[in-house]
Amino acid sequence: AQSVTQLDSQVPVFEEAPVELRCNYSSSVSVYLFWYVQYPNQGLQLLLKYLSGSTLVKGINGFEAEFNKSQTSFHLRKPSVHISDTAEYFCAVSPSGFQKLVFGTGTRLLVSP
Amino acid sequence: EAGVVQSPRYKIIEKKQPVAFWCNPISGHNTLYWYLQNLGQGPELLIRYENEEAVDDSQLPKDRFSAERLKGVDSTLKIQPAELGDSAVYLCASSPTTGGTGELFFGEGSRLTVL
């Protein structure tokens, strides 16, 4: 079975500062990895995904993530955040070739002026 | 293109009452999911459909929860009777792929409050 650990429940950061949201996963098989964002009272929206190939994945809104197989991590980064990035961010894992997403508990990003 | 549509957005009921949630996936998406999201938690899969067949319902509490996807398009999730612990957001998602992986498209969710 797969599992996801998001170590930080909340990350406060000032506007225009860089941010990293951490995600570690465990799996006995190869996996696909995802980051989703959830704005208040809305559904989840895909930020980016890793399926194969380059370990550095770029997504929407200036976010990127790096897949590190040896450390079983898929941390999300943005070099300069905006107030509008305030939201809940979920890391998710799916067994390769099988469509069953398992989500982490989420990290709330709080961007202040 | 219309997204995943869920209704109602909000529902408040007394415990022991029944409740139903409806989901219309994106046109052409043959995979449909119902997820449960408790406050401060990530979504947890309740049931996954491939067309009209429930291919993964291992996490669905079958004593009080039921779901159907007649004709392989829209779907209904029912709780009868509701308990206080069922207060949560029920998310529906759909995907155009089967077997492989891809993006899941989520609706805005149905927030249930059980009093």
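A few points about this structure:
- Loop-located GluC sites (Glu not before Pro) in the stretch A:6-113, at most 13 other Cβ atoms within 10 Å (DSSP): A:Glu16
- Kirkwood Rh in Å, taken over all unlike Cα pairs in chain B: 14.1 Å
- Value of relative contact order over chain B, rounded to a whole percent, pairs C-alpha under 8 Å and six or more apart: 37 percent
- Neighbour counts of C-beta atoms inside 10 Å place A:Leu7, A:Leu44 in the sequence A:Leu7, A:Leu44, starting with the fewest.
- For A:Ser112, net neighbour charge (Lys/Arg +1, Asp/Glu -1) across residues whose Cβ lies under 13 Å away: -2
- Local net charge near A:Phe63, Cβ-Cβ under 13 Å (Lys/Arg +1, Asp/Glu -1): 0
- For chain A, built as a Gaussian network whose Cα springs stay under 10 Å, the top-fluctuating residue of A:Asn41, A:Asn24, A:Asn68: A:Asn41
- A Förster distance of 22 Å, applied to the separation of the beta-carbon atoms of B:Leu70 and B:Glu44, puts the FRET efficiency at 0.35.
- Taking label points 7 Å from Cα along the Cα-to-Cβ direction, A:Ser96 and B:Ser58 give a separation of 2.1 nm.
- Cross-link pairs beyond the 32 Å C-alpha cut-off, checked among A:Lys78/A:Lys100; A:Lys69/B:Lys71; A:Lys100/B:Lys78; A:Lys58/B:Lys78; A:Lys58/B:Lys62: A:Lys69/B:Lys71; A:Lys58/B:Lys78; A:Lys58/B:Lys62
- Other protein chain Cβ atoms within 10 Å, averaged over every residue that makes up B:19-30: 0
Coordinate-derived values only; no laboratory data. Given the structure is predicted, the values throughout are model-derived calculations rather than measurements. Every residue, glycine as well, gets a Cβ built from its backbone with ideal geometry; the counts of neighbours run over all protein chains shown.
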